[in-house]
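Participant: For reference, the structure I am asking about is given below.
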Amino acid sequence: MNLKQRPKPRPLQKLDAAIPRLSPTFPNLGRMQEDARKHQQGYSGEKKIDYFLDNLAPIHTILHDVYLRENNKNFQMDSLAIANHSISLIDSKNYNGTITFNTTLRQLTRSDGKVESGFGYPITQVNNQNFHLQNWLNQHNLGHIPIKSFVAIADPSTVVKVEGSQEEISNYVVHAAELPVRILNADRQFGKKGARKLSDYQIGKTILSKCSEFDIDLFKKYGVRPADILPGVICPDCGWRGMERVYNGWHCRKCHCFSRHAHLKALDDYFLLVKDSITNKACMWFLGSINRGTATRILKTSGLVYNNEHRCWQKA
Ligand SMILES: [Zn+2]
């Protein structure tokens, strides 16, 4: 069973919402765009891995995007597959071109044919995650469970090269399509060595109950203040900010499209970027070009709940 699906990561949600609402001269805009691109590439890779990993869901327990706390430190794992005798920990990597693992220098380089760039060594990363997960399991009386780590390559066209020990790399690194078979084989080996039979569903539930969500503080990371967030309804077709309210919807002055529900995305942006509750006045300001009555009507029909005490609207 798949106990935890993969949502769009919150840092990416925030970046995607903030970037079109910042002034083009905002100092960290370039860095934010680059980070959004990296998050998006990672997220696309993770979803490609999920497609294959979820083949195991009918027989084993799968959790995606697991974020736990151990020894006052948070650690994140892309996916866990809990099988009959072991847990497989999967870190996904999405690179295009050729990647080269050097087992002596413990470094990874990627070449796209023109430029060569260096990355953190994935084997070290996945071993660190393994270490934290082992400690976490120990603390929850699950220390008997063996863990197997994999570095899964999301893009089938990525060429993997090794300088040094091929055996060491092949023990960890696997193309996405082969991941289910490798997990089953590893689990069988643990069984043969006498590892106990696990109640995979129960263990999955325990892990799930302790999961939190990875998030970023836009102010701390990029210096974005609520006052930097520019208001307005963004056109779903052309991306222009500042659609005007017309009867029963929104009109874009730039591409002349009409949208009935473009304000819903704007309200989502407000909740992500400004505050987790919205007043009638703030709604008039953020959606722009609407009067009090329209703001009330919109807030009432946007799936929000009214907080009587604070006289504002919140997400249900
Ligand atoms: Zn438009």
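Participant: Exactly one of (1) more than 20 Å from the chain's Cα centre (by Cα); (2) outside any loop (DSSP other than H, G, I, E, B) is unmet by ILE59. Its number?
Facilitator: (2)
Participant: If you go through the stretch 248-271 one residue at a time, do you hit one that is at pLDDT 95 or above and of a type in the set (Asp, Glu)?
Facilitator: Checked the stretch 248-271: at least one residue is at pLDDT 95 or above and of a type in the set (Asp, Glu).
Participant: Moving to a separate point now. Of the residues that make up the stretch 274-284, is at least one within 16 Å of the ligand (Cβ to nearest atom) and of a type outside the set (Val, Ile, Thr)?
Facilitator: Checked the stretch 274-284: no residue is within 16 Å of the ligand (Cβ to nearest atom) and of a type outside the set (Val, Ile, Thr).
Participant: Quick one: in the stretch 223-269, which of the residues that are closer than 16 Å to THR301 by Cβ and aromatic (Phe, Trp, Tyr) is nearest to the ligand (Cβ to nearest atom)?
Facilitator: Pass one, the stretch 223-269, residues closer than 16 Å to THR301 by Cβ: 233, 245, 247-250, 259-268.
Add one more test, that the residue is aromatic (Phe, Trp, Tyr), and what stays is 247, 250.
On the way: TYR247: 18, TRP250: 10 Å.
Filtering the stretch 223-269 for residues that are closer than 16 Å to THR301 by Cβ and aromatic (Phe, Trp, Tyr), the one nearest to the ligand (Cβ to nearest atom) comes out as TRP250.
Participant: Out of all the residues in the stretch 100-111, is one or more among the polar types (S, T, N, Q), assigned to a helix (DSSP H, G or I) and touching an Asp or Glu at 6+ places or on another chain (Cβ under 7 Å)? Can you show your working first?
Facilitator: Here is the first cut: in the stretch 100-111, the residues among the polar types (S, T, N, Q) are 100, 102-104, 107, 109, 111.
Remaining after also requiring assigned to a helix (DSSP H, G or I): none.
Within the stretch 100-111, none of the residues are among the polar types (S, T, N, Q), assigned to a helix (DSSP H, G or I) and touching an Asp or Glu at 6+ places or on another chain (Cβ under 7 Å).
Participant: Which pairs have Cβ atoms under 8 Å, sit 6 or more apart or on different chains, and link a residue in the stretch 160-180 that is in contact (Cβ under 8 Å) with a residue 40 or more places away in the chain to one that is part of a loop (DSSP other than H, G, I, E, B) and polar (S, T, N, Q)?
Facilitator: VAL162/THR103; GLU163/THR103; GLU163/THR104; GLY164/THR103; GLY164/THR104; SER165/THR103; GLU168/THR103; ILE169/THR103
Participant: Looking only at the stretch 100-130, which residues are of a type in the set (A, V, I, L, M) and closer than 21 Å to ARG182 by Cα?
Facilitator: Taking the stretch 100-130 first, the residues of a type in the set (A, V, I, L, M) are 105, 108, 115, 123, 126.
Residues satisfying the conditions are ILE123, VAL126.
Participant: Can we say SER302 is in contact with a strand residue (DSSP E or B) (Cβ under 6 Å, 6 or more places away or on another chain) and in a loop (DSSP other than H, G, I, E, B)?
Facilitator: Working: in contact with a strand residue (DSSP E or B) (Cβ under 6 Å, 6 or more places away or on another chain): no; in a loop (DSSP other than H, G, I, E, B): yes.
No.
Yes or no, residue by residue, for (1) assigned to a helix (DSSP H, G or I); (2) at pLDDT 95 or above; (3) in contact with a strand residue (DSSP E or B) (Cβ under 9 Å, 6 or more places away or on another chain):
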position	(1), (2), (3)
SER23	no, yes, no
ALA36	yes, yes, no
GLN40	yes, yes, no
GLU46	yes, yes, yes
ASP78	no, yes, yes
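Participant: Can you find a residue that is more than 15 Å from LEU287 (Cβ to Cβ), without any contact (Cβ under 8 Å) to a residue 60 or more places away in the chain and hydroxyl-bearing (Ser, Thr, Tyr) anywhere in the stretch 200-223? Show your work before the answer.
Facilitator: So the first thing to find is which residues in the stretch 200-223 are more than 15 Å from LEU287 (Cβ to Cβ), and the list is 200-223.
Next, only the ones that are without any contact (Cβ under 8 Å) to a residue 60 or more places away in the chain stay: 202, 209, 217, 219-221.
If we keep only those that are hydroxyl-bearing (Ser, Thr, Tyr) too, we end up with 209.
Yes: one or more hits.
Participant: Also, quick follow-up: Just wondering, is there one or more residues in the stretch 63-70 that are in contact (Cβ under 8 Å) with a residue 60 or more places away in the chain, farther than 14 Å from LEU137 by Cα and in a loop (DSSP other than H, G, I, E, B)? Steps first, please.
Facilitator: Here is the first cut: in the stretch 63-70, the ones in contact (Cβ under 8 Å) with a residue 60 or more places away in the chain are 63-70.
Pick out the ones that are also farther than 14 Å from LEU137 by Cα and you get 63-65.
With the extra rule that they be in a loop (DSSP other than H, G, I, E, B), the set shrinks to none.
The answer is no, given that none of the residues of the stretch 63-70 is in contact (Cβ under 8 Å) with a residue 60 or more places away in the chain, farther than 14 Å from LEU137 by Cα and in a loop (DSSP other than H, G, I, E, B).
Participant: Quick one: which of HIS256, HIS310 is more than 25 Å from ASP215 (Cβ to Cβ) and in a loop (DSSP other than H, G, I, E, B)?
Facilitator: Working: HIS310 fails: more than 25 Å from ASP215 (Cβ to Cβ).
Of HIS256, HIS310, the one residue that is more than 25 Å from ASP215 (Cβ to Cβ) and in a loop (DSSP other than H, G, I, E, B) is HIS256.
Participant: Can you confirm whether the stretch 259-267 contains a residue that is over 30 Å from GLN33 (Cα atoms) and surrounded by fewer than 16 Cβ atoms within 10 Å (Cβ to Cβ)? Can you show your working first?
Facilitator: Our first condition is that a residue be over 30 Å from GLN33 (Cα atoms); within the stretch 259-267, this holds for none.
No, every residue in the stretch 259-267 fails to be over 30 Å from GLN33 (Cα atoms) and surrounded by fewer than 16 Cβ atoms within 10 Å (Cβ to Cβ).
The values are calculated or read from the model by the stated rules, or taken from the named source; none is laboratory data. As the structure is a computational prediction, the values presented were derived from the model and not from experiment. Counting neighbours? That spans all protein chains shown, and the Cβs are built from the backbone with ideal geometry, glycine included.
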